[in-house]
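The values are calculated or read from the model by the stated rules, or taken from the named source; none is laboratory data. Predicted model only: the values in this text are computed from it and were never measured. Because the Cβ atoms are built from the backbone with ideal geometry, glycine has one as well, and the counts that use them run over all protein chains shown.
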Amino acid sequence: MIHVMIDIETLAKDSAIPVLLSIGAVKFDDAEIVERFHVGVEPEDCQRCGLEIEAGTVAWWLDNKRQKARDQMSELAKIDLHSALHGFAEWVAETPADQLGSVWSNGSNFDNAKLKAIFLKVGLDWPFGYKQEECYRTMCNRFPFVPFVRVGVHHGAVDDAESQAGHLQAICAVNLIGL
């Protein structure tokens with residue numbers, strides 16, 4: 001089975017429908033990262049579509065600790081929201097339905113939930129069924145003794161997705177559980 005790990009970067013954390021800065025995702029199986037997806041999104045277009053910005057999250061992004069992530073995002077070409085969402089859905093659909101496993105994210109109430117809400121807000125279908133949605137954070141909490149190895153830039157969406165997928169693979173391997 002091929003699974004997907006999603007990480008999004010936004011300009012709001014408490015809003016139900018935050019402005020997207022980027023969508024990062026990786027396809028992976030038990031042993032390897034199969035493919036990466038990374039797209040920057042135009043914040044102004046997100047606002048035109050009714051997505052929200054929170055001042056506290058903007059201030060959080062301005063902290064010097066996130067300079068590398070800001071630099072990485074500034075180099076990423078930005079496209080309109082609908083194109084970014086369509087591109088992501090098409091990328092997911094490249095994996096045949098009978099080979100597509102779970103979609104994971106770090107927290108049951110953020111990345112997957114927020115991205116799904118954005119898809120629905122703009123009238124697009126979420127490319128996963130509800131039985132496919134999984135919480136990576138729950139696995140981390142159940143198996144805290146498995147070390148986490150960061151790949152790339154912290155708060156870089158595709159790097160975070162790859163780091164999380166690699167950690168989930170390690171959790172499953174150490175505990176002899178399948179994905």
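Before moving on, here are some points about what is shown:
- Criterion (of a type in the set (Val, Ile, Thr), in contact with a Cys (Cβ under 6 Å, 6 or more places away or on another chain) and either modelled with pLDDT of 95 or more or under 18 Å from ALA157 (Cβ atoms) (or both)) met by exactly one of VAL58, VAL19: VAL19
- Condition check for ASN175: under 13 Å from the mean Cα position of the chain (by Cα) and more than 15 Å from GLY24 (Cα to Cα): no
- Those residues of segment 118-135 which are out of contact with any Phe, Trp or Tyr (no Cβ under 9 Å at 6 or more places or on another chain) and not β-branched (Val, Ile, Thr), in sequence order: LYS121, GLY123, LEU124, PHE128, GLY129, TYR130, LYS131, GLN132
- Qualifying residue in segment 58-77 (condition: touching a Lys or Arg at 6+ places or on another chain (Cβ under 9 Å) and either hydroxyl-bearing (Ser, Thr, Tyr) or under 12 Å from LEU20 (Cα atoms) (or both)): no
- Residue ID - nearest to ARG66 (Cα to Cα), chosen from residues in segment 153-179 that are crowded, with 17+ Cβ neighbours inside 10 Å and of a type in the set (Gly, Ala, Ser): GLY156
- From the list PHE119, PHE145, the one residue that fits, being farther than 17 Å from PHE28 by Cα, loosely packed, with under 15 Cβ neighbours inside 10 Å and of a type in the set (A, V, I, L, M, F, W, C), is PHE145.
- Matching residues, segment 89-120, being among the charged types (D, E, K, R) and either in contact with a Leu (Cβ under 7 Å, 6 or more places away or on another chain) or under 12 Å from ASP7 (Cα atoms) (or both): ASP111, LYS114
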